[in-house]
Amino acid sequence: MCLLPAAGAFAAAAPAGAAASAASPFGAAAASTAAPAAAVSEALTPSEVLASTPWETTSAVDQDGNPVALDNPAVSNFVGWAYYNVNGTFTMYNLDDTPKMHGDWSVSEGGTSRTITARDADGNPLFTRVVPITVLTGDEFTYRVIPDAATPDVYYDIVHTPTDHAEPGTINYSEVLASTPWETTSAVDQDGNPVALDNPAVSNFVGWAYYNVNGTFTMYNLDDTPKMHGDWSVSEDGTSRTITARDADGNPLFTRVVPITVLTGDEFTYRVIPDAAVPGAYYDIVHTPTDHAEPNPGTTDPGTTDPGTTDPGTTDPGTTDPGTTNPGTTNPGSTNPGTTDPAPAPSAPGAKTPSALAVTGAGSPAIAGVVGGVLAVLGGAAAFVVRLVRRAA
């Protein structure tokens with residue numbers, strides 16, 4: 001459903017660029033406004049439409065309309081999550097949430113092209129890319145990549161759709177883990193094969209888990225018998241969980257660090273690597289929220305002294321900042337690697353309204369500087385952090 005007027009109707013829009021939208025309606029309530037979506041969108045400029053939601057690359061097609069896989073080298077550099085802030089800055093990430101690039105952006109007044117300037121960690125420009133927009137509505141943002149300006153009829157259209165995926169680095173993962181009790185509901189091996197929860201390879205990691213906001217935890221077997229208790233923490237980037245189990249006197253029994261593969265309000269999965277020398281053999285332990293009341297709150301019985309190994313995972317399962325070396329600094333796909341705005345490819349009759357987004361690696365995003373803008377853009381998306389903690393610490 002097209003939520004905006006045809007491209008020509010953008011001629012009277014406000015000056016190009018998100019910076020001109022300082023007074024736009026993207027406050028905390030924008031994403032959850034009670035007004036009909038169509039009515040809201042029709043009042044927005046092209047820049048405001050692009051900044052109104054985070055975007056996910058969901059497909060790509062070539063000049064003949066044939067689907068192109070997102071891991072195809074011809075388009076893979078343009079795939080990811082994109083966050084366009086109303087202050088004219090942007091951050092982009094790969095689909096695995098690793099940083100891609102950050103910098104400045106603008107949309108032409110008529111909504112026919114998008115310009116980004118990627119910057120390094122010190123704010124120095126790395127490259128500028130201008131791409132024609134073929135669709136820009138509240139439901140879709142598609143821009144065109146022309147690998148060779150001398151052959152404009154060979155191109156790829158990169159399609160993006162709105163997402164509620166919170167910007168990496170803006171989530172308090174500790175709050176997510178503490179927001180609900182968790183039940184072990186399944187396990188899979190490195191090949192994705194289901195593993196029975198009573199299988200000795202995973203049974204020690206099965207049960208009910210209660211992570212308290214004060215940094216303590218209690219765990220129980222599925223028959224409600226005590227398992228262990230102690231202290232816990234989640235890395236700031238949400239890639240690992242650490243627990244220290246303690247005995248009845250508070251003395252430490254063991255510390256375990258495991259990589260987290262999923263941590264959302266709907267799923268918490270960590271990886272168990274039985275032999276650190278063979279990291280390719282592992283088990284993913286899947287947990288889902290539960291309303292199962294804690295069997296014995298405040299118990300001092302740790303249960304087993306060590307239901308697992310001292311550290312079946314890794315002490316640092318993630319890298320510090322992959323993707324910031326800027327694999328796209330040579331500006332692949334730009335119709336003009338300079339700062340000028342190439343004339344957009346003519347749209348076919350009946351083509352939808354235009355818009356734009358880009359993807360290619362460059363400097364580690366200054367996340368802290370854009371948190372406020374993103375939360376404003378997402379509005380209610382901060383609710384991604386799920387529901388409040390169900391009990392007092």
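The values are calculated or read from the model by the stated rules, or taken from the named source; none is laboratory data. Remember, predicted model here, so these are calculated numbers, not experimental data. Note: ideal-geometry Cβ built from the backbone for every residue, glycine included; neighbour counts use all protein chains shown. Quick note on the areas: whole protein, heavy atoms, side chains included, nothing else; ligands and nucleic acids left out. Shrake-Rupley method; radii C 1.70, N 1.55, O 1.52, S 1.80 Å.
Values computed for the structure shown
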| read-out | value |
| --- | --- |
| Table column - 3J(HN,Hα) (Hz), the range 239-244, Karplus curve with 6.51, -1.76, 1.60, x for Gly and Pro | 9, 8, 10, 10, 10, 10 |
| Positive-end residue, the range 137-203 charge dipole about Cα centroid, Cβ charges, pick of N193, T151, P181 | P181 |
| Dipole magnitude of the range 165-256 about its Cα centre (Cβ charges: Lys, Arg +1; Asp, Glu -1), debye to nearest 20 | 160 debye |
| Highest to lowest packing among 221-232, 273-284, scored as the average C-beta count within 10 Å | 221-232, 273-284 |
| Ranking by accessible area, most exposed first, for H287, H292 with a 1.4 Å probe | H292, H287 |
| Kirkwood Rh, Cα atoms: Rg over Rh of the range 107-201 | 1.19 |
| Whether the range 154-224 is rounded, prolate or oblate, judged on the alpha carbon gyration tensor where a/c under 1.5 counts as rounded | oblate |
| Overall form of the range 190-274 per C-alpha gyration tensor (a/c, 1.5; a/b vs b/c) | oblate |
| The range 125-170: proportion of alpha-carbon pairs further apart than 15 angstrom, % | 60 percent |
| The range 239-301 shape via C-alpha gyration tensor axes, a/c threshold 1.5 | oblate |
| Only Lys, Arg (+1) and Asp, Glu (-1) charged, at Cβ; the range 78-211 dipole about Cα centre in debye | 380 debye |
| Relative packing of peptides 123-133, 101-111 - highest average C-beta neighbours within 10 Å first | 101-111, 123-133 |
